[in-house]
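S.K.: Here it is, the structure in full.
The values are calculated or read from the model by the stated rules, or taken from the named source; none is laboratory data. Model, not experiment: these values are computed from the prediction. Because the Cβ atoms are built from the backbone with ideal geometry, glycine has one as well, and the counts that use them run over all protein chains shown.
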Amino acid sequence: MYESHFGLSGPPFSLNPDPEFYFQSKGHGHALSYLRFGVHQGEGFVVVTGDIGAGKTTLVRTLLSELDAAKIVAAQIVSTQLDAGDLLRSVAISFGIAIKELTKAELIASIEAFLTLLVTQGRRALLIIDEAQNLHLQAIEELRMLSNFQLGNHALLQSFLVGQPELRTLLTSKPMEQFRQRVIASCHLGPMEREETQRYVEHRLHKVGWSGRPRFEPATFDRIHAATAGVPRRVNMLCSRLLLSAYLADQDLIDEAMVDAVADEARAEVGDSAVVPTASHAEPLAAGPTALHAAVHAPLHAPRRRPSTSAGGPMLCVAADGADDIKMAMLLRALQQRKEAPPLVHVRIGEPAEFTPNDAFLARIGLDVPTVEVEVSAGTAAARMAEVMRDFARLVELHKPAAVVVIGNSDAALACALVADKTGCRVAHLDDGRRGANRRDAAEVNRALLWRIADAHCTPDRVAYDALVADGAGESRVLLTGDLLSEAVSLARSSTEAEPGAVVGRKAGYCVVLVKSAIDMDDRHYLAELLAMLRKLSRDVPIVWPMSAGFGAQLESLGLRKSLRDANIDVVKPLGYIEQVALLGGARYVLTDSQDVHQEASVLDVPALLLEMRSGQAGGAPAALLGDLHRRQGADALNLLRSQTRTQAAPLPHELHPGERIADHLTRWIGVEELDETLAT
């Protein structure tokens, strides 16, 4: 009625959930990041709770609008007191599975067959259940049983449960203990703050072409927030009535008196006192840290004012792979030389064999810091992450740290940061790299979450630094440090008197191959082409290949190990870090699928080609290049290889001694009560 009068293209305050009107409040933005993380994991349960009208359905529909329908088949059920049998039939119908005259066993078999078919087509299934607080306990148990369906290591079904706060009460009951172990992410949506309420109203108006008519007096937004408690649906109802009232009164101004009058009328009609909804800070669903809990009340960009968990506690410095462990050692080495630094604990997460090659180097540089190793058993990504969170929570409880420092964007780094955040402990994020091109890539999802969690960021990359500052971090929150790995390479090179290549009995001028990715059958054709190219290349330049026993066994299982016989290729055992740097330093070329090895070679001024071991990966050397190398002869192939590689430019002044720069920054940061005060210095 009023749209054309005010020149609007449509109703701005419809009560129907519409992703086109999605508003990025602090709570919704944080929750959406956690939901994206949940979808990326591709298994288990994600739980979204919130009061009536908080925007749960809009949030979920916004997420669904981002998904690639060619890869994810999503189905939605609106629950109304479903029992176990009703739920199974509803799941089947929502995915388009015929259920006529099927027994329960046949129904379950049909669902499993459908889900298996999706996986063989390169797709997976996502089930969303709205109003899930109405589900019977037996129905939730059936959902848990469906989550057991797997094809190899691939979970066949992931489920979102969306509901009112009663859902959280239901899931935290004792019978739901097994279910809670499957929850990989949970979040609770609370009300918007006053400033967000104003931006929300203006956002929806602008979506339909609002040009300032009618005009809202600034003070009216205080009244709107007070009358609606910041609940999106309440705001929609009130603002729709305000526009109608202004139209009927032929007014172009909405003032405080109009808001009060319309709000009083609405309360009189429905007997609604607009009670403030449940607070947004809900407890995690799982007992202990096995669920990812979204603290949706936390600001996205502003540093949080929170004191350390323990003023006298240690700094836990966490590394989750061999390269990150080397980088963290540079920081620990600098910190242990500072009397004002807190006690230090070096935490390694992963297989011990990943870190053993670093031990001699750490001893050589004089690192003398207590080390805790957290082994992670094999399993799905979600299971490993839950295990890391559980074990790291025990460390936090034991040490009561003053701060937690994580490095990189791995699942383990994110898991430890989440545990620290949940306990109120300060978090610093090192090696915060530049954004990935794909927002749904695992490392990019983790990076986005770590950006929201961490109180301080240290990045070696000028592009990443500029992006973080542009995102609202402020220059005082981000430190441009230079590269820790480059510092480690320089130290390793200077710590041995061995000639380059002496560790494998070679004179300089060989080619080094370092491949670290796991192989599966999908890689076989590409890997065979790589090995054929290496055989041909070895006629003109000797090749040294440090190869793990596991990688060699995989080559054998694929029938490819024999292709290395009778070639000028030395397959040697994996080397310690010092020996590896010495080997790279004497190389003519380096071929690797590791970003870290590629960078180490560049620091040593050795041409390095970054291989792409999986056809689905972005970047790297495409199969066409390897084929081209294979077809060329001798020096011609070497010239092509040289043209495809780049060495690293000389470091800038701010890139020198990054360990010292970060240690200075963190020592000042940890030594004061308020984070804002530290970063301002």
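S.K.: Is it the case that some residue within region 24-32 is over 25 Å from the mean Cα position of the chain (by Cα), small (G, A, S), assigned to a loop (DSSP other than H, G, I, E, B) and under 22 Å from Q198 (Cβ atoms)?
M.R.: no
S.K.: Same structure, new question: When you scan region 47-72, how many residues do you find that are under 22 Å from the mean Cα position of the chain (by Cα) and farther than 29 Å from F13 by Cβ?
M.R.: Looking only at that region, the number is 4.
S.K.: So, in region 169-204, exactly how many residues are touching a residue at least 60 places away in the same chain (Cβ under 8 Å) and farther than 25 Å from S33 by Cα?
M.R.: 1
S.K.: Quick check on region 166-213: of everything there that is among the hydroxyl-bearing types (S, T, Y) and within 30 Å of V388 (Cβ to Cβ), which residue is nearest to the chain's Cα centre (by Cα)?
M.R.: S186
S.K.: Based on what the data block shows, is I111 over 26 Å from the mean Cα position of the chain (by Cα), touching a residue at least 24 places away in the same chain (Cβ under 8 Å) and farther than 30 Å from H206 by Cα?
M.R.: When the stated conditions are applied, I111 passes them.
S.K.: On the given criteria, is G122 on the phi > 0 side of the Ramachandran plot and small (G, A, S)?
M.R.: yes
S.K.: Within region 186-230, work out how many residues are among the hydrophobic types (A, V, I, L, M, F, W, C) and under 17 Å from P12 (Cβ atoms).
M.R.: So the answer is 8.
S.K.: So how many residues does region 577-635 have that are at pLDDT 55 or above and assigned to a strand (DSSP E or B)?
M.R.: So the count comes out to 10.
S.K.: Hey, another quick one. Against the conditions (1) acidic (D, E); (2) outside any helix (DSSP H, G or I); (3) at negative phi, where does D222 fall short? Just the number, please.
M.R.: Here D222 clears every test but (2).
S.K.: Next up: Go through region 415-450 and count every residue that is assigned to a helix (DSSP H, G or I) and at pLDDT 65 or above.
M.R.: 16
S.K.: Just checking, does region 259-271 include any residue being charged (D, E, K, R), within 22 Å of G10 (Cβ to Cβ) and assigned to a helix (DSSP H, G or I)?
M.R.: Scanning region 259-271, I find no residue that is charged (D, E, K, R), within 22 Å of G10 (Cβ to Cβ) and assigned to a helix (DSSP H, G or I), so the answer is no.
S.K.: Please count how many residues of region 542-576 are part of a helix (DSSP H, G or I) and either in contact with a Phe, Trp or Tyr (Cβ under 9 Å, 6 or more places away or on another chain) or farther than 22 Å from H525 by Cβ (or both).
M.R.: Result for region 542-576: 2.
S.K.: Of everything in region 65-103 that's hydroxyl-bearing (S, T, Y) and free of Cβ contacts under 8 Å to residues at least 24 places away in the same chain, which residue is farthest from A132 (Cα to Cα)?
M.R.: Per the stated criteria, the residue is T103.
S.K.: Then there is this: Return the total of residues in region 54-107 being surrounded by fewer than 20 Cβ atoms within 10 Å (Cβ to Cβ) and part of a loop (DSSP other than H, G, I, E, B).
M.R.: Number of matching residues: 17.
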